[in-house]
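The values are calculated or read from the model by the stated rules, or taken from the named source; none is laboratory data. Predicted model, so just to flag it, every value in this text is computed and none were measured. Neighbour counts are summed over all protein chains in view; Cβ atoms, including those assigned to glycine, are modelled from backbone coordinates with ideal geometry.
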Amino acid sequence: MKKFDVIIAGGGIVGVTFALSLNVLSNEKFSIALIEPFKNTLNRSIALSHGTVELMKKFKLWEAIIDIATPINQIQISERSNLGIVNICTENYFIDAIGYVVELSHVLDIYYNRLKKMNNIELFFQNQ
């Protein structure tokens, strides 16, 4: 039986992101097992905040998904009878985007393909 330095239970977006980030932080020195019971079937989108994107850049994860990310340039917060109480725009903060929307299935496909090219990370699905 093969031994690993790190075993991550859950190969969804959090587990995959953690494995890839840990790989960068350790300079690819850890052997990592990523265990996921089910193949990806997620058909939903999530919003990534500006801060999250900055962290993803630090761990070299952002450049792989930037082409499939849709920028959020404005957020308007309203109450029931008061439209536009708070209006957040990129121009107010001198940033390219407040955040980005990505489809999880596309992100996971990109990250899984990246994992397959790494010698020190193995992804295990239940049917393996």
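Of all residues in region 11-52, count the ones that are part of a helix (DSSP H, G or I) and more than 18 Å from residue 114 (Cα to Cα). Number satisfying all stated conditions: 3.
Scanning region 68-92 for residues that are touching a residue at least 12 places away in the same chain (Cβ under 8 Å) and either part of a loop (DSSP other than H, G, I, E, B) or on the phi > 0 side of the Ramachandran plot (or both) yields 69, 73. For residue 124, the criteria (1) outside any loop (DSSP other than H, G, I, E, B); (2) modelled with pLDDT of 90 or more hold in every case but one, which is (2).
Residues to consider are 100, 111; find the one that is in contact (Cβ under 8 Å) with a residue 60 or more places away in the chain, closer than 29 Å to residue 125 by Cβ and surrounded by 15 or more Cβ atoms within 10 Å (Cβ to Cβ). First the steps, then the outcome.
On the way: 100 fails: in contact (Cβ under 8 Å) with a residue 60 or more places away in the chain.
That would be 111, the only listed residue that is in contact (Cβ under 8 Å) with a residue 60 or more places away in the chain, closer than 29 Å to residue 125 by Cβ and surrounded by 15 or more Cβ atoms within 10 Å (Cβ to Cβ).
Going residue by residue through region 59-66, is there one that turns out to be acidic (Asp, Glu) and surrounded by 15 or more Cβ atoms within 10 Å (Cβ to Cβ)? Within region 59-66 (the criterion being acidic (Asp, Glu) and surrounded by 15 or more Cβ atoms within 10 Å (Cβ to Cβ)), the answer is no, since none of the residues qualifies. For region 79-94, check the following and say yes or no: at least one residue is of a type in the set (A, V, I, L, M), exposed (fewer than 12 other Cβ atoms within 10 Å of the Cβ) and in contact with a strand residue (DSSP E or B) (Cβ under 7 Å, 6 or more places away or on another chain). Yes, some residue in region 79-94 is of a type in the set (A, V, I, L, M), exposed (fewer than 12 other Cβ atoms within 10 Å of the Cβ) and in contact with a strand residue (DSSP E or B) (Cβ under 7 Å, 6 or more places away or on another chain). When the residues of region 65-108 are filtered to those that are within 21 Å of residue 54 (Cα to Cα) and among the charged types (D, E, K, R), the one that is farthest from the chain's Cα centre (by Cα) is 91.
Note on region 53-106: residues that are in contact with an Asp or Glu (Cβ under 8 Å, 6 or more places away or on another chain) and not aliphatic (A, V, I, L, M) amount to 3.
On the basis of being in contact with a helix residue (DSSP H, G or I) (Cβ under 8 Å, 6 or more places away or on another chain), among the acidic types (Asp, Glu) and at pLDDT 90 or above, does residue 36 make the cut?
Criteria not met by residue 36.
Among residues of region 10-35 being over 16 Å from the mean Cα position of the chain (by Cα) and of a type in the set (Gly, Ala, Ser), the one that is nearest to residue 126 (Cα to Cα) is 33.
Looking at region 54-67, can you tell me whether even one residue there is over 29 Å from residue 6 (Cα atoms), touching a residue at least 24 places away in the same chain (Cβ under 8 Å), in a loop (DSSP other than H, G, I, E, B) and in contact with a helix residue (DSSP H, G or I) (Cβ under 6 Å, 6 or more places away or on another chain)? Show your work before the answer.
Applying the first criterion (over 29 Å from residue 6 (Cα atoms)) to region 54-67 yields 67.
From the residues that got through so far, the ones that are touching a residue at least 24 places away in the same chain (Cβ under 8 Å) too are none.
No, region 54-67 has no match at all.
Failed condition for residue 38, given (1) exposed (fewer than 13 other Cβ atoms within 10 Å of the Cβ); (2) more than 21 Å from residue 123 (Cα to Cα), with all others met? Failed condition: (2).
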